[in-house]
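These notes are about the structure you will find just below.
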Amino acid sequence: MAVLIGLTFAAASAAGEDTKPETFRDCEQCPEMVVVPGGSFVMGSEEAVSERPMGPPHEVTIARPFALGKYEITNRQYQEFVDATGHEMTKGCRGNIDQEWKNDPEAHWTDLRLGQESDPEHPVACVSWLDARAFLDWLSGISGQDYRLPSEAEWEYAARAGAGDWYHWGEDPDEGCKHANMYDTSAHAVHDFIWPWIDCDDGHSTLAPVGSFQPNPFGLHDMTGNLWEWVEDCYEVLYPEDTPTDGSAYGPPPGQCENRSVRGGSWLTNPDWQRTTFRGRDPEEVRYSFFGFRVARSLPE
């Protein structure tokens, strides 16, 4: 049975109190989930980012609340899955090495080789879309609930949390250090990547433990930054004409999609790519040192 924590948005609003997200866990090993209220929004943007189109914009209506992980899945949670299932993870993980995107054959989710000691509460990285799906199968089995990756529409709706198409805190990336682990002055001092950085110090030059920054208005942490997050959808450069408008995912099942979408950017990402509308994409089987995921599930009527 799910354990509920907090008030619903509607109940808190009716009581004249500050809204507090409703959260729950389905089992002892299950991640804490946040109930995201339903609503409508315009997904995408007319504006291209780094010459990559982010549209066409289209209205999406998510008719009912759904649940999304309060945090990205952590090393501790992923270790429980590996211990329980024996899920095999070969070494090898892509990253930015000496200003080139290439594979580090010794990198692994237990050691990203970033010059940083692994922390159980860091979000798990160096996991593919297929690895994420395997975790979800295990989680669904132990909980009796149907856990899944969020759809791209659910992710963008939850990341915006009622805001526009930049960041949930506004249009100034330099305000991001209170809200997200982004490519900031401290990260640039260590890594010296060639793209822009934000003009503030968030205190983390690489990964940060989940929940280190303020949540967005829906009560979700790290929707911007820390790690890119896999979502369910098959990626197309432009949203296709038959893109669902009800919040469900677009595209075929595993093995039939060239690229899956990733969202939110990471600690090393160009700040423009961390806007709520920006869409990354990579093959299902690829592992990067800055890709992770959070879980979602539908709620009963």
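The values are calculated or read from the model by the stated rules, or taken from the named source; none is laboratory data. Here the structure is a predicted model, which means the values were calculated and not measured. Neighbour counts are summed over all protein chains in view; Cβ atoms, including those assigned to glycine, are modelled from backbone coordinates with ideal geometry. The accessibility values were calculated without ligands, DNA or RNA, using every heavy atom of the protein model including side chains. Shrake-Rupley method; radii C 1.70, N 1.55, O 1.52, S 1.80 Å.
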Backbone HN-Hα couplings from phi across region 83-91 [Karplus 6.51/-1.76/1.60, Hz, Gly and Pro as x]:
4, 6, 10, x, 3, 8, 10, 5, 6
How about residue 91: which lysines have a C-alpha closer than 26 Å to its C-alpha, ignoring those fewer than 8 places off in the same chain?
102
Grab the beta carbon distance between residue 83 and residue 172, set R0 = 35 Å, and tell me the FRET efficiency rounded to 0.05.
0.20
Give the lysines reachable from residue 70 as a straight Cα distance under 21 Å; neighbours fewer than 8 places away on the same chain don't count.
20, 178
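Place a +1 charge on the Cβ of each Lys and Arg in the chain and a -1 charge on the Cβ of each Asp and Glu, then give the dipole magnitude about the Cα centre in debye, rounded to the nearest 20. Mind dumping the intermediate values first?
Working: 22 positive and 52 negative charges, 105 e Å.
Using only the charged Cβ atoms, the result is roughly 500 debye.
Viscosity 1.567 mPa s, temperature 4 °C: what is the translational diffusion coefficient of region 49-139 from Stokes-Einstein with a Kirkwood Rh over Cα pairs, rounded to a whole number of µm²/s? Could the numbers behind the result be given before it?
Numbers: Rh = 15.9 Å.
My calculation gives 81 µm²/s for D.
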The answer for residue 260, listing residues at least 5 apart or on another chain whose modeled amide H is closer than 5 Å to its amide H, is 235, 282, 284
Heavy-atom accessible area of the chain with neighbours in place, 1.4 angstrom probe: carbon+sulfur share in percent works out to 48
Determine the per residue accessible area of the chain with all protein chains present and a 1.4 angstrom probe, expressed in square angstrom.
43
Cβ under 10 Å from residue 284's Cβ, residue 284 left aside: what net charge do those residues give with Lys, Arg +1 and Asp, Glu -1?
-2
